[in-house]
Amino acid sequence: MMDAAKKRSFRIATLIVVAASVIYALIGNTLFYMAYYSEAVIANSYFIFAVMAVLFTVPVVVWFRSRYWYFPLFIPVLWVPFTIITMFIIPGLPEDDMGGGMLALYIYFLMLGAVLLGSIIGMTINGAATAWKKFGK
């Protein structure tokens, strides 16, 4: 059974994962709408992907160094439903636009890759730091 301190840290870690997933979903939807109205986003999509992956690494490194190191694996899992939910909350595009659907697939797969890569890089950095502390002495 978990004591009060462990239960509190578990809830905080869970809240951070859910909040990060929602924020990442909102960023993805914003990026999609920016790409819909500006071709510059598509032209620089790989640069944006790299920047997003690095930016998504930072919260993982900062918030998941301890006991719940595996929680960032849930960020990409929760990102998918939150992206769909936030897509319905934000006003939509014209329904007869096939290009918008293909653009959505392109942007959302890029974002999913950035979220996955950011989580994996962050967990790798935390694992390397833990190993350095443990075995480096």
Quiz item: Of the conditions (1) outside any helix (DSSP H, G or I); (2) touching a residue at least 40 places away in the same chain (Cβ under 8 Å); (3) open to solvent by 70 Å² or more (accessible area, probe 1.4 Å), residue 96 fails just one. Which one is it?
Solution: (2)
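Test residue 55 against the stated conditions and say whether it is free of Cβ contacts under 8 Å to residues at least 40 places away in the same chain and either open to solvent by 80 Å² or more (accessible area, probe 1.4 Å) or of a type in the set (Asp, Glu) (or both). Give the steps one after another, and end with the answer.
On the way: free of Cβ contacts under 8 Å to residues at least 40 places away in the same chain: no; either open to solvent by 80 Å² or more (accessible area, probe 1.4 Å) or of a type in the set (Asp, Glu) (or both): yes.
So residue 55 fails the test.
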Quiz prompt | Selection status of residue 84, more than 16 Å from the chain's Cα centre (by Cα) and either closer than 27 Å to residue 13 by Cα or hydroxyl-bearing (Ser, Thr, Tyr) (or both) | solution = no
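Any chance segment 80-91 includes a residue that's among the hydroxyl-bearing types (Ser, Thr, Tyr) and out of contact with any Gly (no Cβ under 7 Å at 6 or more places or on another chain)? Give the derivation first.
Of segment 80-91, the ones among the hydroxyl-bearing types (Ser, Thr, Tyr) are 83, 86.
The next check asks that each one be out of contact with any Gly (no Cβ under 7 Å at 6 or more places or on another chain); those that pass are 86.
Yes; the residues of segment 80-91 include at least one that is among the hydroxyl-bearing types (Ser, Thr, Tyr) and out of contact with any Gly (no Cβ under 7 Å at 6 or more places or on another chain).
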Exercise. Being part of a loop (DSSP other than H, G, I, E, B) and open to solvent by less than 70 Å² (accessible area, probe 1.4 Å) is the filter; apply it to segment 82-93 and report the residue that is modelled with the highest pLDDT.
Key: 90
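Got a sec? Which of 132, 79, 69 is part of a helix (DSSP H, G or I), of a type outside the set (Val, Ile, Thr) and open to solvent by 60 Å² or more (accessible area, probe 1.4 Å)?
Values: 79 fails: open to solvent by 60 Å² or more (accessible area, probe 1.4 Å); 69 fails: part of a helix (DSSP H, G or I).
Being part of a helix (DSSP H, G or I), of a type outside the set (Val, Ile, Thr) and open to solvent by 60 Å² or more (accessible area, probe 1.4 Å) holds for just one of 132, 79, 69, which is 132.
Restricting segment 87-137 to residues that are among the small types (Gly, Ala, Ser) and more than 17 Å from residue 35 (Cβ to Cβ), which is farthest from the chain's Cα centre (by Cα)? Break it down stepwise before answering.
If we filter segment 87-137 for residues that are among the small types (Gly, Ala, Ser), which is where we start, we get 92, 99-101, 104, 113-114, 118-119, 122, 127-129, 131, 136.
Going one step further and asking which of them are more than 17 Å from residue 35 (Cβ to Cβ), we end up with 118-119, 122, 127-129, 131, 136.
Numbers: 118: 7, 119: 7, 122: 11, 127: 19, 128: 21, 129: 22, 131: 25, 136: 31 Å.
Per the stated criteria, the residue is 136.
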Quiz item: Tally time: how many residues in segment 99-129 are open to solvent by 30 Å² or more (accessible area, probe 1.4 Å) and within 17 Å of residue 63 (Cα to Cα)?
Solution: 10
Practice problem: Kindly provide the set of residues from segment 2-27 that are open to solvent by 70 Å² or more (accessible area, probe 1.4 Å) and among the β-branched types (Val, Ile, Thr), ordered by number. | Solution: 12, 23
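The values are calculated or read from the model by the stated rules, or taken from the named source; none is laboratory data. Note that this is a predicted model, so its numbers are computed, not measured. Methodologically, a virtual Cβ is constructed for each residue, glycine included, from the backbone with ideal geometry; neighbour enumeration extends over all protein chains shown. Side chains are part of the model used for accessible areas, which takes the heavy atoms of the whole protein and leaves out ligands, DNA and RNA. Shrake-Rupley method; radii C 1.70, N 1.55, O 1.52, S 1.80 Å.
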